[in-house]
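J.: My questions will all concern the structure given below.
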């Protein structure tokens, strides 16, 4: 990396993607499920290793191996496999393409299993966290798919892959590479599930973003991958117009509920993209169905837009896939745009007058234009992406 | 590429008999408000970052980039010990602190940084990844300055820690919080300039990369104990313009960052090449030219 060229507005396009989630394997299965309102009722997951057994609602991927490492590899195989089938990359390209990875779990599940086994075998010699969790995904991408370029394991909680997308675009815009790979992965693990359970953030049964009866989130697992490439400004498809991220120091576990910092990141994203609020056709909300998130996000949208555009959340369908939600939700929105439609807000049925906004209750026919995607995370990390769909 | 305009941080070699240094007083002194329930990793980040920017002109839109191999290792191991050995659900504060960007939140709040805030890991080359992210964001104008840190804490017992780091038994272990305030190149007040950062797939690629250096320039080279273990003994011998620099640091993932800081503090004029190996056979390099070298 030398002599970075400055080109903040050079066009960047989503040229290929792949996904596996609780809705199925591949974009087709996921879109079919989203638009047919299939499988919005999560399953239940038991965590048997605690003093008192815990059971949580969970959107699990079907068909994956049970072991954490096997599950991680299987998920990566599905998502990267779909991406490479769409856009084959030569070994020479894979050797140098930078790879931006986002996750909240990383190898923590593998570490849990390793430590638990060691402790069972001999408590005296067991070592907690016996491996380097952050490197597990990159290592598999190198070994299985020959992606040897500079890797960036980003962990900013639920904004990890949204930030990864911004950094990947920056790599292309500064001439580091003509392509960049963004990968997000989340798999079940005790630390995350018990942690959210302990914070009392989980719903009893279903996830209901922006709904009057919402009572918390449902976590989910999955893997998404996007290949971003340098392009011409008039190329058809879905381009990353721009975006922004900020750090809200109001509270470590939630953005300011008055919506000011959420509005600020949206305004910054719009400004950097060179468009006005009125140019936004629709918003993919973060929509986690926690009381504080939805209040803050609704307040932020009302501050940022004179007329709040149609908006929807995907998390009731996918589950909240934490660090990987940025890439998984962005690629699904892009795929839906290419079909000329956006799904209704999953899990919503009853408006909450306190919020002052109501999400889409029906799918929306859409056309070329700009779309905004929000992602907010613990640690006050907020990200907004703006994509442009053009024909 | 990037100018370094301020540096700072803390480092300590772990005394196996004394254990880990208590950082509470230093963290309190570094903070503008009282932070409760922060872990040792966050304490280190607060101390190092505050020392770096003391007296520096930090722009309002400066980004924050923290690199680390394990993030809050001490907290995570405690959570896992309680969870896996005793079936205890993590307490909310402890769970939040397992998130790698908790330290970034507290540093941002302490220093008034409310813009781009990233945590990144790439093993012992995490500082390289963090500097690269900062360079790209500065390149696109997302930020006009970046505060870049490499924070790596040691955790007891040391034999467990050595195992995690792949170090031989008895290797002296350190920990550090090393920080750089960087800006676009071309500043008159810079301490040094970073001119190249590279990821090389194997030792052969490293050899080819070294081949493009100016053979008429003397370069100092710093390798961590781990990196020295990963390289063949003859790798650097082909290049007579390379002369070793020993930063007198123990083994720890932040060695590359610590070496860079010590080199800039040494008053040496030659350009420095820091080479950090990862656990997948790759090598990551940073080339830095002290201001006097121009």
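Only the coordinates and a few stated rules stand behind these numbers; no lab work does. Quick caveat, the model's predicted, so the values are computed rather than measured. Positions of Cβ are backbone-derived with ideal geometry, glycine not excepted, and every protein chain shown enters the neighbour counts.
J.: Mind giving me the FRET efficiency for residue A:146 and residue B:195? R0 is 30 Å, r the Cβ-Cβ distance, nearest 0.05 is fine. Working shown, then result.
T.: Numbers: r = 29 Å, r/R0 = 0.97.
Here the calculated transfer efficiency is 0.55.
J.: Sticking with this structure for a sec: Given only helices, namely DSSP H runs of n ≥ 4 each adding -39500 (n - 2.57), what is the per-residue ellipticity at 222 nm of chain B, to the nearest 500 deg cm²/dmol?
T.: Rounded to the nearest 500, the figure is -9500 deg cm²/dmol.
J.: Between B:219, B:105, B:263, which gets the highest mean-square fluctuation from a Gaussian network model of chain B, Cα cutoff 10 Å?
T.: B:105
J.: For chain B, find the longest principal axis of its Cα atoms and tell me its angle to the long axis of helix B:102-111, 0 to 90°, nearest 10.
T.: 80
J.: Take the Cα coordinates of the range B:134-241, assign each an equal point scatterer, and use the Debye formula without solvent to give log10 I(q)/I(0) at q = 0.12, 0.20 Å⁻¹.
T.: Evaluating at q = 0.12, 0.20 Å⁻¹ gives log10 I(q)/I(0) of -0.68, -1.19.
J.: Return a whole-number percent for the relative contact order of the range B:179-273, with Cα pairs under 8 Å and 6 or more residues apart as the contact set.
T.: 32
J.: For chain A, what's the relative contact order in percent, using C-alpha pairs closer than 8 Å and at least 6 residues apart?
T.: Values: 1002 pairs, mean separation 91.1, N = 391.
In percent, rounded to a whole number, it is 23.
J.: Right, something else. How many angstrom separate the Cα center of the range A:209-269 from the Cα center of the range B:110-164?
T.: A separation of 22 Å, based on Cα centres.
J.: What residue among B:279, B:169, B:42 shows peak mean-square fluctuation when chain B is described by a Gaussian network model with Cα springs under 10 Å?
T.: In this elastic network of chain B, the residue with the biggest mean-square fluctuation among B:279, B:169, B:42 is B:169.
J.: So, one more: Given only helices, namely DSSP H runs of n ≥ 4 each adding -39500 (n - 2.57), what is the per-residue ellipticity at 222 nm of chain A, to the nearest 500 deg cm²/dmol?
T.: About -10000 deg cm²/dmol.
J.: Report the residue, chosen from A:223, A:325, A:247, that carries the largest GNM mean-square fluctuation when chain A is represented by alpha-carbon nodes joined by springs under 10 Å.
T.: A:247
J.: Still on this model: Say each of residue B:28 and residue B:269 gets a label point 7 Å from the Cα, pointing the same way as Cα to Cβ; how far apart are those two points in nm?
T.: 4.7
J.: When the Cα centres of the range B:38-80 and the range A:55-130 are compared, how far apart do they sit, in Å?
T.: 27
J.: Additional query: Roughly how tilted is helix B:126-140, in degrees to the nearest 10 and between 0 and 90, from the longest Cα axis of chain B?
T.: Compared with the principal axis, the helix lies near 70 degrees.
J.: Assuming R0 = 35 Å, what is the FRET efficiency of residue A:258 and residue A:278, from their Cβ-Cβ distance, to the nearest 0.05?
T.: Calculated transfer efficiency: 0.90.
J.: So for the range B:2-184, averaging the separation of alpha carbon pairs under 8 Å that are six or more residues apart and normalising by length, what relative contact order in percent results? Provide the component values of the computation, followed by the final result.
T.: Values: 354 pairs, mean separation 67.1, N = 183.
37 percent.
J.: Would you mind giving the three semi-axes, in whole Å and largest first, of the ellipsoid equivalent to the range A:57-100 according to its Cα gyration tensor?
T.: 26, 12, 10
J.: Between residue A:66 and residue B:243, how many nm apart are label points set 7 Å from Cα along the C-beta direction?
T.: Going by the 7 Å Cα→Cβ label model, 6.2 nm.
J.: Something else about it: Would you please classify the overall shape of chain A from the alpha carbon gyration tensor, given that a ≥ b ≥ c denote the square roots of the eigenvalues, rounded means a/c under 1.5, and beyond that prolate means a/b larger than b/c while oblate covers the rest?
T.: Details: a/c = 1.59, a/b = 1.11, b/c = 1.43.
In terms of gyration-tensor shape, oblate.
J.: Further, regarding this structure: Return the whole-Å distance between the Cα centroid of the range B:220-280 and the Cα centroid of the range A:323-391.
T.: Value for the Cα centre distance between the two parts: 47 Å.
J.: Please pull out the direction-averaged projected area of the range A:13-230, using the convex hull of its alpha-carbon atoms, in nm² to one decimal place. Please report the intermediate quantities before stating the final value.
T.: Working: hull surface 53.8 nm².
Over every viewing direction, the Cα hull of the range A:13-230 projects on average to 13.5 nm².
J.: So how many Å³ per residue does the convex hull of the Cα atoms of the range B:192-293 work out to? If you can, show how the numbers build up before the last one.
T.: Numbers: hull volume 9.1 nm³, N = 102.
Each residue corresponds to 89 Å³ of Cα convex hull volume.
J.: Another question, if that's okay. Given the Cα-Cα distance of residue A:361 and residue A:38 and 0.36 nm per residue of separation, how much length would full extension add, in nm?
T.: On the way: separation 323, 0.36 × 323 = 116.28 nm, distance 1.49 nm.
Between residue A:361 and residue A:38, full extension yields 114.8 nm more.
J.: Please report, in Å, the Rg and the Dmax of the protein assembly as shown, where both are computed over Cα atoms only.
T.: For the protein assembly as shown, the Cα radius of gyration and maximum Cα-Cα distance read 23.7, 74 Å.
J.: If you don't mind, there's one more thing I want to ask. Return the tail of the calculated pair distribution for the range A:159-223, meaning the percent of Cα-Cα pairs more than 13 Å apart. Provide the component values of the computation, followed by the final result.
T.: Numbers: 1509 of 2080 pairs.
Value for the range A:159-223 (Cα pairs over 13 Å): 73 percent.
J.: Moving on to the next point. Using alpha carbon coordinates only, what is the Rg to Rh ratio of chain B, with Rh defined as the Kirkwood radius?
T.: 0.96
J.: Angle between the Cα long axis of helix B:40-53 and the longest principal axis of chain B, 0 to 90 degrees, nearest 10?
T.: So the inclination is approximately 50 degrees.
J.: Using only the alpha carbons of the range A:246-385, what is the convex hull's orientation-averaged projected area in square nanometres?
T.: Hull-based average projected area comes out at 7.6 nm².
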